Amino acid sequence: MNTNIACRFLFLILVLQLYGSCKQNIVDGKDPIALSESFQPWNQTAQPEGSVLHLSLGVYAKVLCSACFVSGRNPAEAFRNSGKLLLDSQYYTHVSYSVDSLERSAMVSIGDSVHRKAIYFGDQGCILEGREKIQFEPVTVSSALPEASSMDWPMGDASKDSDATYDQNLLDSVLSHAFAPGALTAAFIAVHQGDIVLEQYGPDVHRDMQLESWSMGKSLTGILIGRLIHQGFLELDADAPIAEWSAPGDPRGEITIRDLMQMSSGLRFPAHQDPDLDEHVARLAHMYIYTEAIDVFDFAVNRPLEYVPGTTGRYRNCDPLALGYILRNIVESNERNYWTWPQEELFDKIGIRRQVLETDPFGNFIMTGYDYGTARNWARLGLLYLNDGIWMGDRLLPEGFVDFVSNPAPGWEEPVYGGLVWLNRTGQLNLPEDAYCMAGAGGQYTMIVPSLDLVVVRMGHSEGSATGFDAMNEALGVLVRAIKQSE
């Protein structure tokens with residue numbers, strides 16, 4: 001290449017990089033971050049309070065409570081295998097627990113000075129105890145569907161024969177890998193061409209058990225937003241209808257539903273995957289909504305901007321919580337019951353008879369992580385995406401929505417995130433590149449693979465998550481071979 005041309009080329013690259021950097025901070029001659037701070041200074045926003053030990057025990061107590069009273073797991077097993085997500089390992093041997101079956105509560109303690117408790121409230125699951133009693137009246141969530149045994153899969157649980165044939169040795173190998181020692185796999189299901197071809201559960205786990213699902217609930221939030229868009233209540237590229245951002249001149253008013261779905265709102269909300277933050281501090285901030293009995297929607301939306309909306313992708317709880325806030329406002333403004341609406345408008349339509357969406361003390365769904373569902377429930381949600389938002393001939397999600405969800409968000413530096421789902425464009429999973437997934441802490445995955453007409457669900461207990469991921473990936477590699485041989 002001619003030297004002058006090469007120099008000009010390099011100069012052009014530098015100019016473009018500089019322009020992109022400036023675009024992060026300056027739009028139309030204004031600094032949106034400074035503008036945002038003028039409306040809501042960072043040092044005046046709510047910050048995580050309490051010691052690290054106090055907060056980490058909050059997660060432990062809530063997860064233990066849910067394991068006992070939502071999932072029906074053995075307390076000793078749940079205490080051992082779930083809930084230590086924030087607790088420093090030096091405290092493991094010092095933590096004790098108690099479960100009160102009459103009050104339906106669980107408490108974890110270290111000595112006499114630090115203890116946290118969560119209480120079970122029926123269909124709203126377990127709620128972390130705070131300074132005040134809960135601020136809403138719990139409701140019963142019922143399904144309008146008949147018994148699952150009376151309907152064929154996927155609307156029910158009655159089995160039907162698959163037309164495809166598979167190498168049984170390969171299928172057996174899939175399960176052998178998935179349930180490897182130390183993986184603590186709770187459930188593994190593969191649905192090919194709409195039929196369940198593999199299904200197995202771990203010790204003391206059964207088909208109807210509501211299992212910890214963690215951040216797969218973010219993807220569920222996305223599906224519920226899709227329902228609102230399909231019903232005409234929202235538009236993907238419309239400004240997010242959040243009153244706290246509506247003051248004239250507030251740059252947060254430029255945040256769209258698309259930005260929130262792609263975790264590109266630009267709101268300042270430290271998270272454990274932020275590249276320039278101390279991992280421990282950022283993780284604590286990210287987890288604060290789980291560790292204390294706060295109004296999670298209020299905490300999420302009252303953040304100033306850090307980036308221009310739509311320009312920078314960051315995995316932060318504020319975006320799906322803001323969507324949850326919008327959902328609640330729309331549902332209640334239409335005089336519908338917020339806590340039963342997901343069952344009525346989504347779950348009953350796709351064969352899900354029970355999915356526990358837990359709340360904060362103010363009744364707000366914490367679908368960024370405190371949600372429980374069966375493996376078959378998640379398989380049904382995966383099928384809804386696999387079938388382009390159409391269920392049994394009825395369109396439940398708007399045309400083009402699944403395509404939007406499953407393609408890279410432009411604000412992310414790498415093509416790893418779409419619309420509240422993770423993408424496999426960089427090949428982390430032993431699946432084709434077009435695969436995408438709902439993913440959650442502790443090894444929860446619902447994987448959708450359009451090119452193979454396949455949905456795979458893997459769920460597990462958090463203490464086995466590292467081993468579990470490797471085991472799952474080995475299983476996926478064998479499963480792909482079995483599927484391809486059957487075609």
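Out of Ala482, Tyr97, Leu228, whose Cα points farthest toward the positive end of the dipole of the chain (charges: +1 Lys, Arg; -1 Asp, Glu; placed on Cβ)?
Positive-end residue among those listed: Tyr97.
Which percent of the accessible heavy-atom area of the stretch 61-180 goes to carbon and sulfur, probe 1.4 angstrom? Kindly include the intermediate steps, with their values, before the conclusion.
Numbers: 2890 of 6370 Å².
For the stretch 61-180, the apolar C and S fraction of the accessible surface comes to 45 percent.
Multiply the residue gap between Gln231 and Asp204 by 0.36 nm, knock off their C-alpha separation, and tell me the result in nm, one decimal place.
Going from the current span to full extension adds 5.6 nm.
Given Ile366, Gln40, Ala238, which one lies farthest toward the positive end of the charge dipole of the chain, if we put +1 on the Cβ of every Lys and Arg and -1 on the Cβ of every Asp and Glu?
Gln40
Take the alpha-carbon positions of the stretch 184-343, form their convex hull, and give its projected area averaged over all directions (one quarter of the hull surface) in nm².
The number I arrive at for the stretch 184-343 is 12.6 nm².
Counting heavy atoms of the protein chains only and a 1.4 Å probe, report the per residue accessible area for the stretch 289-332 as a whole number of Å².
19 Å²
What dipole magnitude, in Debye to the nearest 20, does the stretch 435-487 give about its Cα centre under +1 on Lys/Arg Cβ and -1 on Asp/Glu Cβ?
80 debye
Between Asp239 and residues 5 or more places away or on another chain, which pairs have amide H atoms under 5 Å apart, with H built 1.01 Å from N, and which residues are they?
Correct list: empty.
What's the magnitude of the charge dipole for the chain around its Cα centre, counting Lys and Arg as +1 and Asp and Glu as -1 at the beta-carbon? Answer in Debye, nearest 20.
440 debye
Lys/Arg Cβ at +1, Asp/Glu Cβ at -1, dipole of the stretch 242-349 taken about the Cα centre: which of Pro342, Tyr307, Asn317 is farthest positive-ward?
Towards the positive end, the residue furthest out is Tyr307.
Which of the pairs Lys62/Lys218; Lys84/Lys133; Lys218/Lys484; Lys62/Lys84 have their Cα atoms more than 21 Å apart in this structure?
Long pairs (Cα-Cα over 21 Å): Lys84/Lys133; Lys218/Lys484.
Over the stretch 57-153, how many percent of alpha carbon pairs lie in each 10 Å bin up to the one with the longest distance?
For the stretch 57-153, the binned pair fractions read 15, 42, 25, 13, 5, 0 percent.
Taking the Cα centroid of the stretch 323-373 and of the stretch 401-432, what is the distance between the two, rounded to the nearest whole Å?
Going from one Cα centre to the other spans 25 Å.
Might you report the magnitude of the Cβ-based charge dipole of the stretch 153-208 about its Cα centre, with Lys and Arg at +1 and Asp and Glu at -1, to the nearest 20 debye?
Values: 2 positive and 9 negative charges, 28 e Å.
Here the size comes out at about 140 debye.
Express the accessible area of the stretch 339-487 per residue in Å², computed with a 1.4 Å probe while the remaining protein chains stay in the model. Show your work: numbers first, answer last.
Numbers: 4550 Å² over 149 residues.
Per-residue accessible area for the stretch 339-487 comes out at 31 Å².
With a Förster radius of 30 Å, plug the Cβ-Cβ distance of Asp470 and Lys160 into 1/(1 + (r/R0)^6) and report the FRET value to the nearest 0.05. Each step should come with its number before you reach the end.
Working: r = 33 Å, r/R0 = 1.11.
About 0.35, to the nearest 0.05.
State in Å² the accessible area per residue of the stretch 165-230; use a 1.4 Å probe, count heavy atoms of protein chains only, and round to the nearest integer.
Solvent-accessible surface per residue comes out at 34 Å².
In whole percent, how big is the carbon plus sulfur part of the accessible area of the stretch 312-357, probe 1.4 Å, protein atoms only? Don't skip to the answer; put the middle values down first.
Details: 510 of 1300 Å².
Carbon and sulfur: 40 percent of the exposed surface of the stretch 312-357.
The values are calculated or read from the model by the stated rules, or taken from the named source; none is laboratory data. Treat the numbers as computed from the prediction; the structure is a model and nothing was measured. For neighbour counting, all protein chains shown are included, and Cβ atoms are generated from backbone atoms with ideal geometry for every residue, glycine included. With ligands, DNA and RNA removed, areas are computed over all heavy atoms of the protein, side chains included. Shrake-Rupley method; radii C 1.70, N 1.55, O 1.52, S 1.80 Å.
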